[in-house]
1. Of everything in the range B:1-21, what is in a strand (DSSP E or B) and closer than 23 Å to B:Trp368 by Cα? Give them in sequence order.
2. Suppose we keep only residues that are in a helix (DSSP H, G or I) and of a type in the set (D, E, K, R) within the range B:408-431. Which one would you say is nearest to the chain's Cα centre (by Cα)?
3. Criterion first (aliphatic (A, V, I, L, M), in a strand (DSSP E or B) and touching a residue at least 12 places away in the same chain (Cβ under 8 Å)) does A:Ile240 satisfy it?
4. Select from the range A:153-168 the residues that are surrounded by 15 or more Cβ atoms within 10 Å (Cβ to Cβ) and assigned to a helix (DSSP H, G or I) and write down the one among them that is nearest to the chain's Cα centre (by Cα).
5. Restricting to the range B:380-407, and then to whatever is assigned to a loop (DSSP other than H, G, I, E, B) and not polar (S, T, N, Q), can you tell me which residue is nearest to B:Asn117 (Cα to Cα)?
6. Specify the residue that is farthest from the chain's Cα centre (by Cα); the eligible residues are those in the range B:366-385 that are buried (at least 16 other Cβ atoms within 10 Å of the Cβ) and more than 20 Å from B:Lys15 (Cβ to Cβ).
7. Considering each residue of the range A:458-482, count those that are within 8 Å of chain B (Cβ to nearest Cβ), surrounded by 13 or more Cβ atoms within 10 Å (Cβ to Cβ) and closer than 15 Å to B:Leu449 by Cα, and give that number.
8. Find all pairs meeting these conditions: Cβ atoms under 7 angstrom apart; at least six residues apart or on different chains; first residue within the range A:109-123 and in the same structural domain as A:Phe47 (by TED's automatic domain parsing) and in a loop (DSSP other than H, G, I, E, B); second residue modelled with pLDDT of 95 or more and of a type in the set (Ser, Thr, Tyr).
Protein chains: 2
Amino acid sequence: MSNLLQVHNSLSGKKEVFKSILPKHVGMYVCGPTVYSNVHLGNCRTFISFDLIYRYLIHLGYKVRYVRNITDVGHLENDSDEGEDRISKRARLESIEPMEIVQRYTLDFRRIMRLFNTLSPSIEPTASGHILEQIELIKKLVKNDYAYEINGSVYFDVKKFNQDIPYGKLSGRNIDELIHNSRALDGQNDKKNPQDFALWKKAEPIHIMRWPSPWSDGFPGWHLECTAMSRKYLGTKFDIHGGGMDLKFPHHECEIAQAEGIEKESPVNYWLHTNMLTLNGKKMAKSTGNNILPDEIFDGKNTFFKKAFSPMVIKFFMLQAHYRSMVDISEKALEASEKGYNRLLSALETIEKITPSSKTTGFDVISWKEKCYSSMNDDFNSPLLIGHLFDAVKFINSVKNKKKSISILDLETLKKSIHDFIYNVLGFRISKYSENDTKFEKNKEILELLLEVRNKARDKKDFEISDFIRESLIELKIELNDTGNGTNYEIK
Amino acid sequence: MSNLLQVHNSLSGKKEVFKSILPKHVGMYVCGPTVYSNVHLGNCRTFISFDLIYRYLIHLGYKVRYVRNITDVGHLENDSDEGEDRISKRARLESIEPMEIVQRYTLDFRRIMRLFNTLSPSIEPTASGHILEQIELIKKLVKNDYAYEINGSVYFDVKKFNQDIPYGKLSGRNIDELIHNSRALDGQNDKKNPQDFALWKKAEPIHIMRWPSPWSDGFPGWHLECTAMSRKYLGTKFDIHGGGMDLKFPHHECEIAQAEGIEKESPVNYWLHTNMLTLNGKKMAKSTGNNILPDEIFDGKNTFFKKAFSPMVIKFFMLQAHYRSMVDISEKALEASEKGYNRLLSALETIEKITPSSKTTGFDVISWKEKCYSSMNDDFNSPLLIGHLFDAVKFINSVKNKKKSISILDLETLKKSIHDFIYNVLGFRISKYSENDTKFEKNKEILELLLEVRNKARDKKDFEISDFIRESLIELKIELNDTGNGTNYEIK
């Protein structure tokens, strides 16, 4: 148990005490979505994880500048950085302007993030909005001799860089090994060495997305945007860089090389990576069909699960695993999460109605609260935190059933902490209308129950009650029509 | 009455038959918000008006590319294009990064637009995201000798331009008059002539927002972004350019000059301008306090109106005026709109329950439908359309009261047209939950009514009914607790 926040740093492979560069300020950069299709559920897990981290840092009193980019250009199709820009390709298929696709999927992404009740980052810069900044970086890398131009394209010279500064620190890859592994796949392009990566690509005539540059009309390489935007908004050295673990190599490794190629020092103090989400035990992939969109879970229209699950249940499910653990989504697991989430909600209602006693029995609120913070301080261990919350739920129910008691002071502490953790840290939204409108539907059932009561009264010739119901409903602008087939109602 | 869409073109000052450049495609550019503060209600009117126009063009079968920019940089503070960038100023006051302010108010703007149920434009490009495109335009204007550099800034040479192409076409201003009027205010800057405007401004050391350029580290002049972004996404010649009428001069006049300075021809076929919104008969302005934010109307927390009005009521109010007319917002006017809007909603419910007859009496559905289209074809005359909708409402109520009748075929036509106009063209959102949750609240009242009925039954010792109510509610997961002070309920 510790009072100091510790985070697992992918760079050292260890948990380290978190110390921000500026006291009480944190700069955090997270690689955001590529907006050429609907956001992937695995990406949602990453963004929900960093939302937890963002929220907890804020809760601890940090002023956090959280930058999450939108990749709207420059993501090349295959691993060797060849092929055409993915977004342009889709655009031509639909024969619309690439930025129309970008707009559609950016809006969709934001809508899904709102459904998950994640906080908006402080800044959401776009790659296409920072071409000039990327060109300036390339100029510096060329000047420092870590990049070379060939046929209008510019590449990062990994071998040359590695002579001065070791390449591969984050992913632990050896440069000779990289050269050996990639040679066979490559060879048809302009690079000096196969492990070199594009900083600027000359646009083929077929390319729609293109900008002028000192080298050619073209577009920036994908790895460059994050270096440009993190430097611009967080400075050349900042606290936290996050992303999915699939980005560790080559993307984040290249980011480090680009930044070190200019500043000669590491750009980021703590690298945080989230783990994968699998579906029914297998990797999610569009190509295999083992894939599900957030919307398809929310509306229940999918071939994987028999029922719909709300965004809050999905979020609860995800937060029940640690961000660095793999997690498998299945119907059984979601049903269990739904049950757990509803138990938590019920406890929130129960605690409001608890009558405090003179003393607390069978529960140490102060040490419980400490344990909650300790779990979050232990690399944002949300499953451990949720476990502690359920200890509190159990206790709350015991107090309700008069088996245990709680003092006024402890009740206030317990309430405050539970609210803090559920709303502010885990970021659940408990709305008046539950996600799937069950409460609203329930009210329809209550109206129908009222009509049934009225029929019972009429059967008994208790017209006092039946007329009272009819007239009271008219005041509520609900009109009853008695027909041969029963009573209809009309909401005015 | 006409089958052809006519639009009022500010360039000619007349209504003209609308003819798109490409058959069945429309390119439309609208000057969007400056995101350094909460969106102004007058701006909302402009965007709601162009949403109506966008929706109607789509309804007519056009494929519309609707571009509305986000001004996140370069809006200079005073009319003579002097002073510091407004956004940077605010940023330093709050000592945060300008893009954090931009993010905050962009999100707020989008939220308000969602509340008004406006469609998202096809593309929402940002000024800061198109610096490179703006620099390219300046290069062309300098090359064409319509712009000159001085001390790191670049200005558009209005006098020189006017020798080749007349300046002032849109606003009807005479250039000599402009020179005469502005001379007194000016003189302390680098411009050759006072009516010249900045294309690029060298940044003072105090400026945070700055980009490298061939002339200086600086930022583009405000008028340039719309020329750059409209050209990029709609081409050098496009169909419709819109904005508030306060933008006609100098902003749109300068846009025309910039585009003509490159292409030698007019960039836009139809210029559309929306009129002003006043509050209680006076101009809205933060400085005088005669100002109200959308949120302050929706939540009722303001000093102008005694009650809250929903976004749909505000939208209905705005659409009850033609977009080119001034409109004054006042409590009385909003109350009248609320009444009217609710009448419209009731008719939507009534029409679903109407039983058709063998023939229609007292209403010509076909000619009514034609009149609806004619009003929209007459420069998007929404107040006229709403008038026709109320004729239909009157008729629907007469059919309900059996005073008139409608045939099956006419009923289908009427329903379809009413839905088309209310949902698709005017863009109202009739949700299950009304804007202010009255229906949900009503259901709470129904539950309380049920408890009242139970108490009545208990008073009468009719335990069959009271137990039936209690047990049925338990099935609905509502638990009753009878206490000395009455019955409480708990929704599980």
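1. Matches in the range B:1-21: B:Gln6, B:Val7, B:Val17.
2. Across the range B:408-431, the extreme among qualifying residues is B:Asp420.
3. yes
4. Top of the filtered list is A:Val158.
5. Checked the range B:380-407; the qualifying residue nearest to B:Asn117 (Cα to Cα) is B:Phe380.
6. B:Trp368
7. Residues in the range A:458-482 being within 8 Å of chain B (Cβ to nearest Cβ), surrounded by 13 or more Cβ atoms within 10 Å (Cβ to Cβ) and closer than 15 Å to B:Leu449 by Cα: 7 in total.
8. From the range A:109-123, the pairs are A:Leu119/A:Tyr54; A:Pro121/A:Tyr66; A:Ser122/A:Tyr66.
The values are calculated or read from the model by the stated rules, or taken from the named source; none is laboratory data. All values derive from a computational prediction rather than experimental measurement. Because the Cβ atoms are built from the backbone with ideal geometry, glycine has one as well, and the counts that use them run over all protein chains shown.
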